[in-house]
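Here is the structure we will look at.
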Amino acid sequence: MSQRIHLNPNAQRQQPMMGMQGGGYTPDPISRPSNTSNYGNGSSDDMLGKVQAYTSKIEDLIEAYTQPIRPYVPAMARFLIVVTFLEDALRILTQWSDQLWYLQKHRRFPWGLSHLFLLINVFAMLGGSFGVIGKRFPDYSVFCLLGVVVAQGLGYGLLFDLSFFLRNLSVIGGLLMVLSDSLQNKKKLFAGLPTLSETDRRKYFQLAGRILLIFLFIGFIFQGSWSFARVIVSIVGLGACIMVAVGFKAKWSATFLVVLLSVFNVFINNWWSVHSAHPQRDFLKYDFFQTLSIVGGLLLLVNIGPGGFSVDEKKKVY
């Protein structure tokens, strides 16, 4: 079989050397194509590396400047998580007759049962809230407050109200973060689940808490009138919510949501600017304190981290 060579017509003709038979053109060696296809990938990798280095510097700066207040974040987060229950208990006590009238006239509660319902709610909210703040029996305190959320949804007929449902899912997410935090030092809980270690249970509660915390913002996206500013805030906030849910840069995306929700809460749920006789005042006040509870859950997420079932933790492993 004859060997295939490439002839270069631009090359000069060379004379045959002595001792060689015949002559001809010098074979032009086959040139290998340069690896230019990886140039784009290399530049994109360099750009990604620069972005990661820049964000790392920002994270280091934030870490340094927030270091003095970090010891106080867990206590502040726990207080904010239960502040909606404290406000609700105070509301029932200060509006006792109005609450009884609503339950008896609109919810058809018999006399006596309406009183018992309100008393149980008040004691459960106060006891559970102080238990969470003081870290006294936090698991039982959390379950007590979870029972209040369900009981009020059924008692006041708000269980199928979309706004109430989404907000309370986020409140439940904050309570699950408290429960996850308590499992760090709790050795025996849920004895009926012997196949799960405390670490695994903590991971599951952190995952559920992260996902539930973002439902308040989802409710904000799908409710109300649209404007250009609302679209921008919704897109950016939804991106941060997704990052929180999957656990990618969860601490910093949760910090961003804390700032965003705090600003939103002050300017939108400004109940103090509404006249005390206006019926909208109580609704704005309720929304304000519930948003504070969700901010508390996000602060607790910033403090304890996203947990094992997250992109951030997987990156540490690999």
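Miscellaneous remarks
- A quarter of the convex hull surface defined by the alpha-carbon atoms of region 57-131 gives 7.2 nm² as the mean projection.
- 3J(HN,Hα) from dihedral phi, region 291-306, Karplus parametrisation 6.51/-1.76/1.60, rounded to Hz, x for glycine, proline: 5, 4, 5, 6, 4, x, x, 5, 5, 5, 4, 4, 6, 9, x, x
- Label point distance in nm, Asp161-Leu93, each placed 7 Å from Cα along Cα→Cβ: 2.4
- Ordering of 94-100, 115-121 by burial proxy (mean other Cβ atoms within 10 Å per residue, highest first): 115-121, 94-100
- Ratio Rg/Rh [Cα only; Rh per Kirkwood] for region 92-177: 1.00
- FRET E, pair Tyr140, Phe228, Förster distance 45 Å, beta-carbon r, rounded to 0.05: 0.40
- ³J(HN,Hα) computed for each position of region 143-158 - Karplus, 6.51 cos²θ - 1.76 cosθ + 1.60, integer Hz, glycine/proline x: 5, 5, 5, 4, x, 5, 4, 5, 5, 5, x, 6, x, 8, x, 10
- Phi angles across region 168-180 convert, under the Karplus curve 6.51 cos²θ - 1.76 cosθ + 1.60 with θ = phi - 60°, into 3J(HN,Hα) values of 6, 4, 5, 4, 4, x, x, 5, 5, 5, 4, 5, 5 Hz, Gly and Pro given as x.
- Of the cross-linked pairs Lys135/Lys285; Lys135/Lys249; Lys203/Lys249, those separated by over 22 Å at the C-alpha level are Lys135/Lys285; Lys135/Lys249.
- Carbon and sulfur %, accessible surface of region 129-183 computed with the full protein complex present, 1.4 Å: 73
The values are calculated or read from the model by the stated rules, or taken from the named source; none is laboratory data. This one's a predicted model, so the numbers in the text were calculated from it and none came from an experiment. When we count neighbours, we look across all protein chains shown, and the Cβ atoms used for this are built from the backbone with ideal geometry, even at glycine. Surface areas here come from the heavy atoms of the whole protein model, side chains and all, with no ligands, DNA or RNA. Shrake-Rupley method; radii C 1.70, N 1.55, O 1.52, S 1.80 Å.
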